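Here's the structure we're looking at; comments come further down.
Derivation of every value follows stated rules applied to the coordinates shown; laboratory data play no part. Quick caveat, the model's predicted, so the values are computed rather than measured. Using ideal geometry, Cβ is built from the backbone for each residue, glycine included, and neighbour counts are taken over all protein chains shown.
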Amino acid sequence: STGGKRRQQNRNRSTQPQEGSRGPGPADYNSSDQKTACRRHELYVSFSELGWQDWIIAPEGYAANYCDGECSFPLNAHMNATNHAIVQTLVHLMNPENVPKPCCAPTKLHAISVLYFDDNSNVILKKYKNMVVRACGCH
Amino acid sequence: GSNYSLDGNNDVHPGFMHRRLRTHEKREMQKEILSILGLPHRPRPHLSHGKYNSAPLFMLDLYNTMSGEEKSPVEGMADRYQSMRTTQSPPLTTNQETAFLNDADMVMSFVNLVEHDRELSPQRRHHKEFKFNPSQIPEGEAVTAAEFRLYKECVSLAFHNDTFLLKVYQVLKEHPDREADLFLLESRRLWAAQEGWLEFDITATSNLWVMSPVHNLGLQVSVETSSGQSVSFKEVGLLGRAGPLEKQPFMVAFFKVSEVRVRAAR
């Protein structure tokens, strides 16, 4: 499940007037707008909703989260951009057809522990890496 | 369903919208998550009485320790934990187990497959047998520590100042016409008034069982008085399968990955 704001943002974007063939200029990008900038969004995976309460003891679910948003010029400090991404946004401005914007992706991932029964009713506790997005950034 | 939202601490709050998954979406999610967990199919365990016995409760203690270190609160587990206990019992985990946990990639508790009470003449020696099957562990995992756990209750005043000698044996070879060949793993003196979990290190034995399942003939436990007389579990307050769910004997093993596992592409 995800937050409801995302759908609203998409609707707003799709009604924007089309830009000219020259491509957007620096003034058209406003990545200081934190609502559209690359950031972490809520996503909850529920094991109980999947009907697994009988064999997964804990947790009932976990906050996986996801990354989404614009990686546009200028990349602000809160966007966790790599030096390379900063350069790439400038190149994209100059040459948008050939060089894409950097991607909004996880920069920090955490593990979760899962406690569950197997078919023989033995109990297993195991840590699974890279299950939860803790931070997002432009790459 | 309910509405939740998440703050930076991953706590769940009202206002978080979600929709129910469609059938095929649910199946796809299940398939992917089972693949991440490394499971070929969804397990179907048999849970007696709808309540957890000692092994899951012990593992839940370990889980809470691990989750605390990940700074990720266990969602909704406190209530379930309490409802799954039949009665309050002493804490299950020790500092040593926490140390094992820090070094482990995986922890597994095993169900006792058999429990026999035997009285063999002419010696009339009481003993209980236990068997666990640790051979079905994922490939690439090696045992770093393993314990056999027994719960002892305080016995009646008649034996109050007495001590007993408890012995844990590994069964080496069984014979149809006489007692099995045994290897003494540990002997321990117990006070009659002593109460709590008794932990016995069976790391080497578990490694043997994992490497060579054919040598897994189980454990044998016997108890004697200070004068050498064999006594039953019941007389000294040791609990077996007939005891309360949260105090039944079990085995726990800590594992570490010894090779890299590559997830197959779908």
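List the lysines whose alpha-carbon lies under 28 Å from that of residue B:128, not counting same-chain residues fewer than 8 positions away?
Reachable lysines: B:51, B:152, B:167, B:173, B:234, B:247.
I want to check the label-to-label distance for residue A:95 and residue B:98. Put each point 7 Å from Cα in the C-beta direction and report it in nm to one decimal.
5.8 nm
Size of the dipole of segment B:147-266 about the Cα centre, Lys and Arg at +1 and Asp and Glu at -1 on the beta carbon, nothing else charged, in debye to 20?
600 debye
Just rank B:36, A:57, fewest to most, by other beta-carbon atoms within 10 angstrom.
Listing B:36, A:57 from fewest to most nearby Cβ atoms yields B:36, A:57.
As an exercise, use a Förster radius of 30 Å and the Cβ-Cβ distance of residue B:195 and residue A:128 to find the FRET efficiency, rounded to the nearest 0.05.
Plugging the Cβ-Cβ distance into 1/(1 + (r/R0)^6) gives 0.20.
Below 23 Å, Cα to Cα, which lysines can residue B:31 reach? Residues fewer than 8 away in the same chain don't count.
Answer for residue B:31, where 23 Å is the Cα cut-off: A:126, A:127, A:129, listed by chain and number.
Between residue B:41 and residue B:215, what is the label-to-label distance in nm when each label sits 7 Å out along the Cα-to-Cβ direction?
About 3.3 nm, to one decimal.
Considering just Cα atoms, how many Å³ per residue does the convex hull of segment B:173-266 enclose?
196 Å³
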